[in-house]
Amino acid sequence: AINQATTNQILALRVKNQGLAQLELVMPAIRNALTPTRVIIFMEENAKLHLLQVALGSENSAHSHCIEIHLDKNAELNHGFAALGGEKAICLTNFLVRQKSFSNYSLTSIQHGWSLSRLEPEIIQVEGQGVSNLHGLQISTDNQQLDTHSIVRFEGPNGSLNQLQKAAASQNSHSIFNGVIEVPQIAQKTKASQLSRNLLLSRKARIDTKPQLEIVADDVRCAHGATVSQLQEDELFYLRSRGISATQATSLLLQGYCQEIVEALPVEANRWQILKKILESMH
């Protein structure tokens, strides 16, 4: 509603079947102001695109982004969204994705540095027989609150989903994940996997995670799970016994934890040095 009331321009793109296309969209912050954007992308049949969106926050800035994506048959989209905030910055982002049969949609999202951030992906396989991959990483420090609320709905048979959500919360921060998978009667032979893995790095930090399956179909293979843990003492001891300081050992373990998600971003993300910025802030 905020985005609809404030956005006066729309960026609409149609991607044709002309080989692999690459695109980078950067949404810079305006200090003491709201930055709203609305993007609509139409992927034609057999089209392929690597898309990287970068939202940059600064002190007292606010973002409101709406991204609407339509994938035709056999279309492939590798979508990276890196939300890199600043002090007292806010980011609200909504993804609305519609997939036709045999399409492939992959979303890799990073949330870091925002006073408040809320990410809402909604993916619907309108005919079934599609492939969806969701990989998310939330790194919260200080008094930050980072949210991800995802919905994936199958409206046809033989669809698949692979979802991995990670979060690391330190100091007084709060990380939230709520993931819903809807499998109605028509969505027979659906294969869906959802996993939430979390690191609690201080006694005052909080992590709330709620993976959720709503299954009506009776011929499916669906699983979900959630873990909340700390850095393992035996792993820290192993590194320190080889002459690595406690700070370096912690950094190496956190790097390995984040690397799995960061590596899934489109290659254009390398120049933003996302992992380096995350580790520096967590020190």
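The values are calculated or read from the model by the stated rules, or taken from the named source; none is laboratory data. Note that the structure is a prediction, hence the values are computed from the model and not measured. All Cβ positions, even for glycine, are placed from backbone atoms using ideal geometry, and neighbour counts span all protein chains on display. Note: areas computed on protein heavy atoms with side chains; ligands, DNA, RNA excluded. Shrake-Rupley method; radii C 1.70, N 1.55, O 1.52, S 1.80 Å.
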Requested in this report: Consider only pairs whose beta carbons are under 9 Å apart and that are at least six residues apart or on different chains; among these, list those whose first residue lies in segment 106-123 and is over 13 Å from residue 140 (Cβ atoms) and whose second residue is at pLDDT below 95 and of a type in the set (Gly, Ala, Ser).
Outcome: 106/264; 108/264; 108/269
Query - Hits in segment 134-175 - residues which are open to solvent by less than 30 Å² (accessible area, probe 1.4 Å) and within 21 Å of residue 75 (Cβ to Cβ) - result: 134, 150, 152, 154, 156, 159, 161, 163
Query raised in the report: Quick one: in segment 136-153, which of the residues that are in a strand (DSSP E or B) and in contact (Cβ under 8 Å) with a residue 60 or more places away in the chain is nearest to residue 181 (Cα to Cα)?
Result: 136
Query raised in the report: When residue 59 is evaluated against the numbered criteria (1) closer than 24 Å to residue 102 by Cβ; (2) out of contact with any Phe, Trp or Tyr (no Cβ under 8 Å at 6 or more places or on another chain); (3) open to solvent by 10 Å² or more (accessible area, probe 1.4 Å), which criterion, by number, is the only one it fails?
Result: (1)
Query raised in the report: Say we look at segment 72-106 and pick out the residues that are touching a Leu at 6+ places or on another chain (Cβ under 6 Å) and open to solvent by less than 10 Å² (accessible area, probe 1.4 Å); which of these is nearest to residue 149 (Cα to Cα)?
Result: 93
Requested in this report: Could you identify the single residue in 30, 69 that is within 23 Å of residue 120 (Cβ to Cβ) and modelled with pLDDT under 90?
Outcome: 30
Query raised in the report: If the Cβ limit is 7 Å and pairs must be 6+ apart or interchain, which residue in segment 202-223 that is among the small types (Gly, Ala, Ser) pairs with which residue that is open to solvent by less than 40 Å² (accessible area, probe 1.4 Å)?
Result: 202/170; 205/169; 205/170; 205/173; 217/183; 217/184; 217/187; 217/190
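Filter the helices (runs of 4 or more DSSP H) completely within segment 179-283 down to those with at least 1 residues that are crowded, with 16+ Cβ neighbours inside 10 Å, among the aromatic types (Phe, Trp, Tyr) and at pLDDT 85 or above. Walk me through it before giving the result.
Details: elements: 233-240, 246-262, 274-282.
Fully inside segment 179-283 and qualifying: 246-262.
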Report summary line: Pairing a residue in segment 10-38 that is more than 21 Å from residue 272 (Cβ to Cβ) and open to solvent by 80 Å² or more (accessible area, probe 1.4 Å) with any residue that is of a type in the set (D, E, K, R) and in a loop (DSSP other than H, G, I, E, B), where Cβ atoms lie under 7 Å and the two sit 6 or more apart in sequence or on different chains, gives 14/44; 16/44; 17/44; 17/45
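When the residues of segment 111-151 are narrowed to those that are β-branched (Val, Ile, Thr) and within 22 Å of residue 224 (Cβ to Cβ), which ends up nearest to the chain's Cα centre (by Cα)? Give the derivation first.
So the first thing to find is which residues in segment 111-151 are β-branched (Val, Ile, Thr), and the list is 123-124, 126, 131, 139, 141, 148, 151.
Still in the list and also within 22 Å of residue 224 (Cβ to Cβ): 123-124, 131, 148, 151.
Values: 123: 12, 124: 16, 131: 16, 148: 8, 151: 12 Å.
Out of the qualifying residues, it is 148.
Can you name the residue in segment 39-53 that is assigned to a strand (DSSP E or B) and open to solvent by 60 Å² or more (accessible area, probe 1.4 Å) and is also farthest from residue 93 (Cα to Cα) among such residues? Working first, answer last.
Step one: of segment 39-53, the residues assigned to a strand (DSSP E or B) are 39-43, 48-53.
Retained after the next criterion (residues that are open to solvent by 60 Å² or more (accessible area, probe 1.4 Å)): 42, 48.
Details: 42: 19, 48: 23 Å.
That would be 48.
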